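Peer 1: Sharing a structure, written as C-alpha cells. Questions coming.
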Amino acid sequence: MEQTLSNKAELIELDKKHFLHPTSSIQAQQKTGAPLVFTEGNGIYLKDMEGDMYIDGMSSLWNVNIGHGRKELAEVAAEQMNKLAFSSTFSGFSHEPAIRLAKKLADLAPGNLNVSFFTSGGSEANDSAIKLVRHYWKVKGFPERKKVITRKRGYHGVSMGSTSATGIPEFHAMTTSLAPDFLYAPTPYIVEGEFTEEDLMKAAQEVRKMIESEGPETIAAFMAEPIQGAGGIIVPPEKYFEEIRNICDEYGVLFIADEVITGFGRTGKMFGLEHWDVVPDVMTIAKGISSGYVPLGAVMINDEIHRELIKYSKGTLFHGFTYSGHPVGCAVALKNIELIEEERLIENAAEMGQELEKGLKYLEEKHWSVGRVRNVGLLGAFELLADRDKNTRFDATQGVAGKVVQECLKRNLIVRSVTYEGTDIIAIAPPLSITKEEIKDIISI
Ligand code: PLP
C-alpha cells in the first residue's frame, strides 16, 4: 500500500506539471491535485489507486454503456491490431471493419439513415454534420442555406463548429462562437413555477418563428439532442419532436438529431428519438457506439441526401479525419453492439429505468429538497429545490448541486451536477448492465 501511495503522490505531481485536463479547473488542479486516479474498471465499478471502489453512476461520460472491464472488447482490439492496425479510408480506400460497421449502423438506424461518415467522437461528428449539410445545400444550388438553429443549453461538443452549435454560453466565453450563423432557440423547459405541456410546446413554435424571421432560405438545419444531456437532462413534451419534424418539413430545413448520449440503448431504445417515432434526416452518434473502449463517432445521412450528394458533389469531398473509420475502432464497435444485442442490454436499460424511476420518486417523497425527478431509461435526474411546492431554486451562488456531488463521492458514488441557468440538477446515467440491487445502492447513497 505504501508503495502505491508514494506512487500516487508522484503521479499527482506529474499530473499537475504536465497534464492539462479537459473541462476541468486549471487552478483547482494545481491546488488539490487530481481527486482520484483510477486504475481498473469492472461492471459499474471503478477502482482508484488506493484500492477503493466507486460506483460509476455516470458511465464515466455517459459513454461506457456496456460497463467496464469487458475482455471481449480488449480481445477484438488486439486481434484487429495484429491483423491490420491502421489503413487509410481517404481516396476511396476501404477495409472490412468500417464497411461492416457502416452496414450494421444502417440496419440499426431508423428510417432510411443508411450511410455513415466516421469520426473519432461526438464533436467531430457534429462538426462534420454541419459541414455536410452546408455542402449539401451548396452543391444543390442553395449556398445561402448556411445557418443552423440549435437550442439554449444544448451541448454538441467543443470543436469550433460544435462549440458554436452548443447553446451553453460558458463554452463560448472561452474564445468565441461562429455566431451569427448559429441561432439558439428555446428548450422546452421552464425554470421555476407551475407549467403545463402546452407551455413547454411553445418552444417548438419559437423554432418556427425563428425560421420565419431569419428567412427559411437561409436555414440549413435544426440540431437538437432528443433528451438534452449536459444542459439539464431535459425530456421534451410528448409531441415536441413531431412538431419540430413538421416545422422542418414545412420549411425544407434538415433535422439533425444529436444522439451522442441517447444512442445505443441509453434510454431503453436503440436511439432516443424512437420514443417519439420521429426520424431525423441526419443523425450523429459517438460514446455508446464503442462504449468508450476506443474513440469513435459517426454522422449518418439518409438515402435522399446521399443520392443528391452522388448527383451534385463533384470532385473530392474536402473533409476527412486521419482516423475516419479507424479499423480498431470499427472492430470494437461491432463487437460492442453485438454484445449489447446478445445480452439484451437495451431491454435491461428499459427495465432498470423503471427501477431508477421508482428510486427517484422515493427520493422525492423522502427529501424536502428533491423535486422534478425524471428519467427515460437510464438517463435520469433530480433537481434540488429551495421550495419544492413552489418550485423555486436555491441561490445559484450556494453551489448546492456541487456539494451533493461531493457528498456522494465521499460515499463512493460518482454522479454529476448539470445545470439549466442556475438550476441545481443531479444527473445519473449508469452502465446499461446495471442490476436492481446496484440501482438500490445508488439511491440509498
Ligand atoms: N453531443 C452530445 C449530446 C454530447 O453529450 C457530447 C459529449 O458529451 C458531444 C456531442 C461531444 O462528444 P465528444 O466529447 O465525443 O466530442
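The values are calculated or read from the model by the stated rules, or taken from the named source; none is laboratory data. Quantities reported herein were computed from a predicted structural model and do not represent experimental measurements. Cβ sites come from the backbone with ideal geometry, for glycine too, and all protein chains shown count toward neighbours.
Peer 1: (1) within 16 Å of the ligand (Cβ to nearest atom); (2) not in a helix (DSSP H, G or I): which one isn't true of Phe142, the others all being true?
Peer 2: With (1) within 16 Å of the ligand (Cβ to nearest atom); (2) not in a helix (DSSP H, G or I) applied to Phe142, the lone miss is (1).
Peer 1: Still on this structure, I have one more. Give the residues of region 110-131 that are away from the ligand (no atom under 16 Å from the Cβ) and aliphatic (A, V, I, L, M), sorted by residue number.
Peer 2: Leu113, Val115 - these are the residues of region 110-131 that are away from the ligand (no atom under 16 Å from the Cβ) and aliphatic (A, V, I, L, M).
Peer 1: State yes or no: is Lys403 under 18 Å from Leu46 (Cα atoms), free of Cβ contacts under 8 Å to residues at least 24 places away in the same chain and surrounded by fewer than 22 Cβ atoms within 10 Å (Cβ to Cβ)?
Peer 2: no
Peer 1: Which of the residues spanning region 343-383 are under 21 Å from the mean Cα position of the chain (by Cα) and aromatic (Phe, Trp, Tyr)?
Peer 2: Within region 343-383, Phe382 is the sole residue that qualifies.
Peer 1: Quick one: would you say Thr23 is within 19 Å of Pro295 (Cα to Cα) and either at pLDDT below 95 or more than 27 Å from the chain's Cα centre (by Cα) (or both)?
Peer 2: On the way: within 19 Å of Pro295 (Cα to Cα): yes; either at pLDDT below 95 or more than 27 Å from the chain's Cα centre (by Cα) (or both): yes.
The answer is yes for Thr23.
Peer 1: Just to verify a result, which residue in region 424-437, among those that are closer than 18 Å to Leu363 by Cα and in contact with a Phe, Trp or Tyr (Cβ under 9 Å, 6 or more places away or on another chain), is surrounded by the most Cβ atoms within 10 Å (Cβ to Cβ)?
Peer 2: Narrowing region 424-437 to residues closer than 18 Å to Leu363 by Cα: 424-430, 436-437.
Now narrow it down to the ones that are in contact with a Phe, Trp or Tyr (Cβ under 9 Å, 6 or more places away or on another chain): 424-429.
Values: Asp424: 25, Ile425: 20, Ile426: 24, Ala427: 22, Ile428: 25, Ala429: 29.
Filtering first and then ranking leaves Ala429.
Peer 1: Could you go through region 165-178 and let me know if any residue there is surrounded by 18 or more Cβ atoms within 10 Å (Cβ to Cβ), within 15 Å of the ligand (Cβ to nearest atom) and within 29 Å of Thr316 (Cβ to Cβ).
Peer 2: For region 165-178, residues surrounded by 18 or more Cβ atoms within 10 Å (Cβ to Cβ), within 15 Å of the ligand (Cβ to nearest atom) and within 29 Å of Thr316 (Cβ to Cβ): present.
Peer 1: Which one of these does Leu384 not meet: (1) among the hydrophobic types (A, V, I, L, M, F, W, C); (2) farther than 30 Å from Leu108 by Cα; (3) in a helix (DSSP H, G or I)?
Peer 2: Every listed condition holds for Leu384 apart from (3).
Peer 1: Against the definition (modelled with pLDDT of 95 or more and in contact with a His (Cβ under 7 Å, 6 or more places away or on another chain)), how does Thr166 come out, yes or no?
Peer 2: Working: modelled with pLDDT of 95 or more: yes; in contact with a His (Cβ under 7 Å, 6 or more places away or on another chain): yes.
It is true that Thr166 is modelled with pLDDT of 95 or more and in contact with a His (Cβ under 7 Å, 6 or more places away or on another chain).
Peer 1: (1) within 29 Å of Glu192 (Cα to Cα); (2) in the same structural domain as Ser291 (by TED's automatic domain parsing): which one isn't true of Ala333, the others all being true?
Peer 2: For Ala333, the exception is condition (1).
Peer 1: Still on this structure, please answer the following. Which ones in region 283-318 are within 13 Å of Gly121 (Cβ to Cβ), of a type in the set (Val, Ile, Thr) and surrounded by fewer than 22 Cβ atoms within 10 Å (Cβ to Cβ)?
Peer 2: Val294
Peer 1: Then there is this: Of all residues in region 221-233 being among the aliphatic types (A, V, I, L, M) and surrounded by 24 or more Cβ atoms within 10 Å (Cβ to Cβ), which is nearest to Tyr136 (Cα to Cα)? Lay out the reasoning, then the answer.
Peer 2: Applying the first criterion (among the aliphatic types (A, V, I, L, M)) to region 221-233 yields 221, 223-224, 227, 230, 233.
Now restrict to residues that are surrounded by 24 or more Cβ atoms within 10 Å (Cβ to Cβ): 221, 223-224, 227, 233.
Details: Ala221: 11, Met223: 16, Ala224: 19, Ile227: 27, Ile233: 32 Å.
This residue is Ala221.
Peer 1: Another question, then. Is it the case that region 64-73 has a residue that's within 16 Å of the ligand (Cβ to nearest atom), in the same structural domain as Arg208 (by TED's automatic domain parsing) and hydrophobic (A, V, I, L, M, F, W, C)?
Peer 2: No, every residue in region 64-73 fails to be within 16 Å of the ligand (Cβ to nearest atom), in the same structural domain as Arg208 (by TED's automatic domain parsing) and hydrophobic (A, V, I, L, M, F, W, C).
Peer 1: Any residue at all in region 405-421 that's acidic (Asp, Glu) and in a helix (DSSP H, G or I)?
Peer 2: Yes, region 405-421 contains a residue that is acidic (Asp, Glu) and in a helix (DSSP H, G or I).
One line per residue, one yes/no per condition, for (1) away from the ligand (no atom under 16 Å from the Cβ); (2) surrounded by 23 or more Cβ atoms within 10 Å (Cβ to Cβ):
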{"residue": "Glu238", "(1), (2)": "yes, no"}
{"residue": "Asp249", "(1), (2)": "yes, no"}
{"residue": "Gly252", "(1), (2)": "yes, no"}
{"residue": "Leu273", "(1), (2)": "no, yes"}
{"residue": "Asp281", "(1), (2)": "yes, yes"}
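Peer 1: Examine region 225-236 for a residue that is acidic (Asp, Glu) and outside any loop (DSSP other than H, G, I, E, B), and state whether such a residue exists.
Peer 2: So far as region 225-236 goes, no, none of its residues is acidic (Asp, Glu) and outside any loop (DSSP other than H, G, I, E, B).
Peer 1: Of (1) surrounded by 24 or more Cβ atoms within 10 Å (Cβ to Cβ); (2) within 16 Å of the ligand (Cβ to nearest atom); (3) more than 26 Å from Asp424 (Cα to Cα), Ile244 satisfies all except one. Which?
Peer 2: (2)
Peer 1: So Glu198 passes all but one of these: (1) among the charged types (D, E, K, R); (2) surrounded by fewer than 23 Cβ atoms within 10 Å (Cβ to Cβ); (3) within 16 Å of the ligand (Cβ to nearest atom). Which condition number does it fail?
Peer 2: (3) is the only condition that Glu198 fails.
Peer 1: Separate question: Residue under question is Gly377, and the condition is that it be at pLDDT 95 or above and under 28 Å from Glu243 (Cα atoms); does it hold?
Peer 2: When the stated conditions are applied, Gly377 passes them.
Peer 1: A further question follows. Would you list the helices (runs of 4 or more DSSP H) that sit entirely within region 1-112 and hold 1 or more residues that are surrounded by fewer than 12 Cβ atoms within 10 Å (Cβ to Cβ)? Working first, answer last.
Peer 2: Values: elements: 2-18, 26-32, 59-62, 71-84, 96-108.
Qualifying helices (runs of 4 or more DSSP H): 2-18, 26-32, 71-84, 96-108.
Peer 1: Now, a different point. For region 148-164, what are the residues that are part of a strand (DSSP E or B) and either within 11 Å of the ligand (Cβ to nearest atom) or touching a Gly at 6+ places or on another chain (Cβ under 8 Å) (or both)?
Peer 2: Matches in region 148-164: Thr150, Arg151.
Peer 1: Related question: For region 258-268, does any single residue satisfy the condition of being within 13 Å of the ligand (Cβ to nearest atom), aliphatic (A, V, I, L, M), under 22 Å from Ile130 (Cα atoms) and crowded, with 21+ Cβ neighbours inside 10 Å?
Peer 2: yes
Peer 1: Could you tell me whether any residue of region 227-246 is assigned by TED's automatic domain parsing to the domain that holds Asn302 and without any contact (Cβ under 8 Å) to a residue 24 or more places away in the chain?
Peer 2: yes
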